[in-house]
Every structure is written in structure tokens, then in C-alpha cells.
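First up is the structure itself, then whatever we jot down about it.
The values are calculated or read from the model by the stated rules, or taken from the named source; none is laboratory data. It should be emphasised that the depicted structure is a prediction, and the values quoted were computed from it without experimental measurement. All Cβ positions, even for glycine, are placed from backbone atoms using ideal geometry, and neighbour counts span all protein chains on display. Note: areas computed on protein heavy atoms with side chains; ligands, DNA, RNA excluded. Shrake-Rupley method; radii C 1.70, N 1.55, O 1.52, S 1.80 Å.
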Amino acid sequence: MLGSNGLAQSIEEGAYLTAAAGCKACHTQPKGAGQEYAGGRALDTPFGTFYTPNITFDPDTGIGRWSDADFVKALKKGISPEGFHYFPAFPYTSYTNMTDRDARSIYVYLKSLPPVQAPNKPHDVGAPFSWRWLQWGWKVLFFKEGGSSVPVIKSSADRGNYLVNALGHCGECHTPRNALGGIDNDLYLAGSTSGGEGELVPNITPDKETGIGDWSKLDMVSFLETGMKPNFDDVQGTMEDVITHGTSKLTKEDRTAIADFLFSVAPVKNKVKK
């Protein structure tokens, strides 16, 4: 069992990882419309509108009856404690690459927060995309389950890879999807016309014409902290919340690691426009 010091350390670590994973930004309604982590945020997609669930430890409307094993299974396999498949609007397809230890640390942190009684709002998604049994077939086509081991970190860019592709799940929004909602890996991080709230999501590959190739790494490190772009325009929409509740809470070393990784990926020319 953890002693009080060990528990406090685990909660602190879990708070950091929760910020890196963007949980608050997705599971809290914008502009103070709901309580923290109590869900209800609308995610507009080409398939309909999904509403994020309550992930506080309320036993009736949240995850208060979940074990840590239930939480890890949901986060990394996309399967609920009851055994049904989650829709891929929940980025388990990226979280699957998270270590089990980090997933459990997030669980410990969420468990330390006040429970909020807030019933989940049903998704507004029409058939056949609302049929959960079809998600099994979707997984066969587009989901590759990750492992539980600690990734090999030999460089800052390796750490950035883990932050971008596992915890931060940046590709879930910044990579376009095909007609069935699968990630188009040929356009990895090259932007999308259908972000989580119907927004245009920019190209964040280092292409000089359509991406971030004219940014410096220091520009990116600063942007992830302040939301201010090199042209002094401030970020809006969903990314504003991602920075406010997520990347701004990271250490400068981790924000630098993200920049190092982003500038190491292959540039892709893709002007995102409607």
C-alpha cells in the first residue's frame, strides 16, 4: 500500500499526466457551463454529435464504481466495464500507447477529485453509426492495440513522440479521417476540415508553405504555453482549452520535447480549407 507521501506523489504525477492527456479540456463544458470533468462537452463530427461523459468518481453518474483495471481497459482498449465498445470519438486509439503505469496514475488523480453528480447526455448520432456492435468491426479495420511497457526514451524527440502520439493524442484532431472515420496516415498531422467542434484543424507538420515550417522550435514551445502564434494572433476554439488546461501545465522540457518531435516528422503539403 502507498503511504501518505507516496499517495501524494502519485496524485501529483497523475495531475500532470491528466493535463498532458487533455482530459479536462474534453470532459469539461467550455466557458464554465459545467463542472470540471463532469462531461457534457459536445464533439461535432461528420457522423453526428458525441457528448463527453462524466469522469468524476460519482458512483451513479460517473466512474465511481470503476476499478483501476476497468479504467485502464477503457483507456487503452476502448471497452467499458460492462463490455461494450466505445466510439472512437474517445481517443483510446492513441491512449492505447500509454503505459499502464501512467494510466493508473491518471485514475488515482481523478479519484482524488470531488465527485460530481451529472448524468451523461446521450449522443446525437444516427444509424448505422450509433450501433455499438459495429465498433468491433471498426476496430478490426483501424485499431492496433498498444502494450504496457515503458517506451524507450533516448532523446527529447522520443519523449515528444510519446507526448504527441500517446498522451496528447494530437493526431486524433490534426490528421484527417477517411469515410469510415479511420485515420489517414498518409496525411499524418497534416490538418483536417472536421475538428472536434466542427473547426478547421491546422497542418502541424514542418511544411514551409502549409504547415509550421516557418515557425522556430522556440515559437512552438511558447505557443504551447501561451497560445500566442508567431504572428501575434492568439489561438481560439478547442485548442485554446487544450493549451489552458493541458500543454501550458507541462514543463518547458516537455513542451520542448513536443516541438523537437513535431519538427522531426516528414513535412506534408496540405492546405486545410473548406
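I'd like the Karplus ³J(HN,Hα) series for segment 30-36: coefficients 6.51, -1.76, 1.60, θ = phi - 60°, whole numbers in Hz, and an x wherever there's a Gly or Pro.
3J(HN,Hα) across segment 30-36, in whole Hz: x, 6, x, 6, x, 7, 4.
Quick one: which residues, 5 or more positions from Thr45 or on another chain, have an amide H under 5 Å from its amide H? H modelled 1.01 Å from N in the peptide plane, none for Pro or chain starts.
Result for Thr45 returns Phe50.
Name the shape class, rounded, prolate or oblate, that the alpha-carbon gyration tensor gives for segment 147-202, where a ≥ b ≥ c are the square roots of its eigenvalues, rounded holds for a/c under 1.5, and otherwise prolate holds if a/b is larger than b/c and oblate otherwise. Please list the in-between numbers first.
Values: a/c = 2.55, a/b = 2.09, b/c = 1.22.
It comes out prolate by the Cα gyration axes.
Over what distance in Å are the Cα centres of segment 130-165 and segment 234-274 separated?
Centre-to-centre (Cα) distance: 19 Å.
Out of all DSSP beta bridges with both ends in the chain, state the antiparallel percent to the nearest 5.
Numbers: 10 of 11 bridges.
Here the share of antiparallel DSSP bridges comes out near 90 percent.
Give the residue list of GluC sites (Glu not before Pro) in segment 5-57 that are DSSP loop and have at most 16 other beta-carbon atoms within 10 angstrom.
Numbers: sites: Glu12, Glu13, Glu36; in loops: Glu36.
Hits after loop and neighbour filter: Glu36.
For a quick check: with amide H placed at 1.01 Å from N, whose amide H comes under 5 Å from Arg177's, ignoring anything fewer than 5 positions away on the same chain?
Answer set, sorted by chain and number: Asp184.
How much mean residue ellipticity at 222 nm does the chain get from its helices, if each DSSP H run of length 4 or more adds -39500 (n - 2.57) and you divide by all residues, to the nearest 500 deg cm²/dmol?
Working: 11 runs with 98 residues, N = 274.
When only DSSP H runs of four or more count, the value is -10000 deg cm²/dmol.
Taking θ as phi - 60°, what are the ³J(HN,Hα) couplings along segment 161-175 by the Karplus curve (6.51, -1.76, 1.60), each to the nearest whole Hz, with x for Gly and Pro?
For segment 161-175, the Karplus-derived couplings read 4, 5, 5, 6, 9, 10, 5, x, 6, 4, x, 4, 9, 8, 10 Hz, x marking Gly and Pro.
Just Gly62, Gly126, Gly168 to compare: in a GNM of the chain, with alpha carbon springs under 10 Å, which one fluctuates most?
Gly126
Quick check on segment 138-244: take the gyration tensor over C-alpha atoms, sort the square-rooted eigenvalues as a ≥ b ≥ c, and tell me if it's rounded (a/c under 1.5), prolate or oblate.
On the way: a/c = 1.81, a/b = 1.23, b/c = 1.47.
Oblate, because a/c is 1.5 or more while a/b does not exceed b/c.
Once you charge only the Cβ atoms, +1 for Lys and Arg and -1 for Asp and Glu, what is the size of the charge dipole of segment 118-274 about its Cα centre, to the nearest 20 debye? Don't jump to the answer; show the numbers that get you there.
On the way: 17 positive and 20 negative charges, 77 e Å.
That gives segment 118-274 a dipole magnitude of about 360 debye.
Give me Rg/Rg_expected for the chain, where Rg uses Cα atoms only and Rg_expected = 2.2 N^0.38 Å with N residues.
Normalised Rg, Cα atoms only: 0.97.
With only Lys, Arg, Asp and Glu charged, each at its Cβ (+1 for the first two, -1 for the last two), find how big the charge dipole of the chain is about the Cα centre; round to the nearest 20 debye. Let's see the in-between values first.
Values: 27 positive and 31 negative charges, 85 e Å.
Taking the Cα centre of the chain as origin, the dipole is about 400 debye.
What do you get for Rg/Rh of segment 28-165 when both radii come from the Cα atoms and Rh is the Kirkwood radius?
Numbers: Rg = 15.8 Å, Rh = 16.2 Å.
The Rg/Rh ratio comes out at 0.97.
Return the sequence-ordered ³J(HN,Hα) values of segment 58-74 in whole Hz as given by the Karplus equation 6.51 cos²θ - 1.76 cosθ + 1.60 applied to θ = phi - 60°, using x for Gly and Pro.
After applying 6.51 cos²θ - 1.76 cosθ + 1.60, I find 5, x, 9, 10, x, 10, x, 9, 7, 8, 5, 5, 4, 5, 4, 5, 5 Hz.
Please report, largest first and rounded to whole Å, the three semi-axes of the ellipsoid equivalent to segment 1-76, where each semi-axis is the square root of five times an eigenvalue of the C-alpha gyration tensor.
Working: eigenvalues 133, 42, 31 Å².
Semi-axes, largest first: 26, 15, 13 Å.
Given q = 0.11, 0.18, 0.21, 0.27 Å⁻¹, what are the Debye log10 I(q)/I(0) values for segment 104-185, with equal point scatterers placed on the Cα positions and solvent ignored?
With no solvent term, the Cα-only Debye profile gives -0.53, -1.15, -1.20, -1.24.
Under a 5 Å amide H to amide H cut-off, with H placed in plane at 1.01 Å, what residues pair with Thr210 once short-range neighbours are removed?
When sequence neighbours closer than 5 places are left aside, the close amide H contacts are Asn270.
Rank Pro202, Gly147, Pro46 by how far each Cα sits towards the positive end of the charge dipole of the chain (+1 on Lys, Arg Cβ; -1 on Asp, Glu Cβ) and give me just the farthest.
Farthest towards the positive end: Gly147.
Considering only protein heavy atoms, what per residue accessible area in square angstrom results for segment 153-274 with a 1.4 angstrom probe? The partial results should precede the final answer.
Numbers: 6150 Å² over 122 residues.
Result: 50 Å² of accessible area for each residue.
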